[in-house]
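Notes follow once the structure below has been shown.
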Amino acid sequence: MYVNTVTYQNFRNIENAELTFSPGVNIVWGDNAQGKTNALEGIYCFACGKSFRGVRDKELLRFGSTYGMAELHFTDAKREQCLGLQLSSEKTRGMRRNGVPIRRSSDFVGVFHAVLFCPEHLSMIKGAPQLRRSFLDTAICQLKPQYLAALSDYARILKQRNAVLKDASRSVSARMPLYEVLTEQLAALNTRIVLTRMKYIRLLSQSVNEFLSDMTGGREHVTLSYVSDAAPEAHGGSVGAGAEEIQKAFYELCCSYAAREFAAETTLHGCHRDDMAILLNEREARLYASQGQDRSIVLAMKLGEGELSRTATGEYPVFLFDDVLSELDTMRGQYLMQRLGGRQVILTSCNPSLFAGMDVHMIRCTEGAYTNVQT
Ligand code: ATP
Ligand code: MG
């Protein structure tokens, strides 16, 4: 799969621009604050339906504009396709696929596939569990749009359940019937999400380990596993626990913690608190890995994400790298570039000399304008 063009109007600092890409390695280069990341951010919106910077649509509109749009033309194994996004300061966003309006995000996501790698991801190993959950969720959503729907249903029920737990105007016993209904609904959604994440992690672990061993000449190996109070596998229980087992475990947890949940006024268990454990040579990477080892694992995770996407869809996704080469040492940078043969890569950088002599398509970025440069 590869991007042919992306067009922007009033998107971030881009007033009007069309960027054209080659199916190989593309470098968007320029000084700081010119619009390199903005260009990648727009492309990634088509893969996961939202900005990777965690902002609302309103913030994507160019300062002072009430309307903006982005349009992506890409080629997959079957045909050329076009996805469009209309942004407005007043209305909810408009989405189109090949000219046809789309209402639900879950119909928009999963058409175009991309793997994003930006400097913030380098803190994924030692950072908060939220970073690892978000990595898993964005990767899985692109492959399973139903998963995106399950996540948003879960978030909605969680919000209602937390509101019941917080509602000090009624006694605990008066709130209990609603609490139970919502717990049942949450348990069902939690089970779907946990099972999907566990399955993804099992496959990812294998692939990440292959990349890491390869990168380190067999010196390092890694194992990823899912960590959840409600997943028996995470407690050394049966590996590959089924839906019933997980749902029961979650239900029992909630029942035994009901009093604590009412006291804490929030939901204490569920996939919104789960994590992914990363073991490097059998020890917790979070506690023992060096900074370089962290980087190698994240790199292997991104390459692994690409492999799983290829297994699921039959073709490689587009790789979007925001200024990561400057963060990687020469060995890891070279490894990354070598392993990306046969895939489209769109990479941003302030330093074009890093790519001297390489067969790459250079795009110069200046103040939200983009020009193809002959090399
Ligand atoms: P760096 O090399 O420092 O990462 P960059 O080229 O990646 O720089 P961007 O993050 O793309 O820079 O941002 C370019 C400019 O766009 C910044 O000056 C930023 O303040 C500006 N900008 C961000 N959002 C908007 C917006 N909604 N409207 C107009 N300009 C914006
Ligand atoms: Mg940037």
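Structure values in brief
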| quantity | calculated |
| --- | --- |
| Rough spin-label spacing in nm, given labels placed 7 Å along Cα→Cβ, for residue 338 and residue 89 | 5.2 |
| Assigned charges on the beta-carbon of Lys, Arg, Asp, Glu; segment 212-333 dipole about Cα centre (debye) | 180 |
| Spatially proximal aspartates and glutamates relative to residue 50 (Cα-Cα < 19 Å; intrachain offsets below 8 disregarded) | 41, 59, 71, 90, 107, 120, 137, 153, 305, 322 |
| Cut-off under 5 Å, modelled amide H: who pairs with residue 116 long-range | 320 |
| Charge dipole (debye, nearest 20) of segment 129-312; +1 at Cβ of Lys and Arg, -1 at Cβ of Asp and Glu | 440 |
| Normalised convex hull volume, segment 129-312, alpha-carbon set, Å³ per residue | 117 |
| Derived scalar couplings ³J(HN,Hα) [segment 80-96; Karplus, 6.51 cos²θ - 1.76 cosθ + 1.60; whole Hz; x for Gly, Pro] | 8, 9, 9, 10, x, 9, 10, 10, 9, 6, 9, 9, 6, 5, x, 10, 9 |
| Among beta bridges that DSSP assigns inside the chain, antiparallel share in %, nearest 5 | 70 |
| Residue-level accessible surface for residue 73, protein heavy atoms, 1.4 Å, Å² | 60 |
| Projected area averaged over orientations for segment 108-195, convex hull of C-alpha atoms, nm² | 7.6 |
| Extension gain, residue 162 back to residue 366 (0.36 nm per residue minus Cα-Cα distance, nm) | 68.7 nm |
| Calculated over segment 271-375: convex hull of Cα atoms, volume per residue (Å³) | 175 |
| Difference of contour (0.36 nm per residue) and Cα-Cα distance, residue 153 to residue 56 | 33.0 nm |
| More than 34 angstrom apart: percent of Cα pairs within the chain | 33 |
| Cleavage-rule hits, trypsin sites (Lys or Arg not before Pro), segment 54-133, DSSP coil, Cβ neighbours within 10 Å at most 15 | 56, 78, 79, 91, 103, 104, 126 |
| Estimated [θ] at 222 nm from DSSP helical runs (n ≥ 4, -39500 (n - 2.57)) normalised by residues in the chain, nearest 500 | -14500 deg cm²/dmol |
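The values are calculated or read from the model by the stated rules, or taken from the named source; none is laboratory data. This is a predicted model, so every value here is computed, not measured. Counting neighbours? That spans all protein chains shown, and the Cβs are built from the backbone with ideal geometry, glycine included. The accessibility values were calculated without ligands, DNA or RNA, using every heavy atom of the protein model including side chains. Shrake-Rupley method; radii C 1.70, N 1.55, O 1.52, S 1.80 Å.
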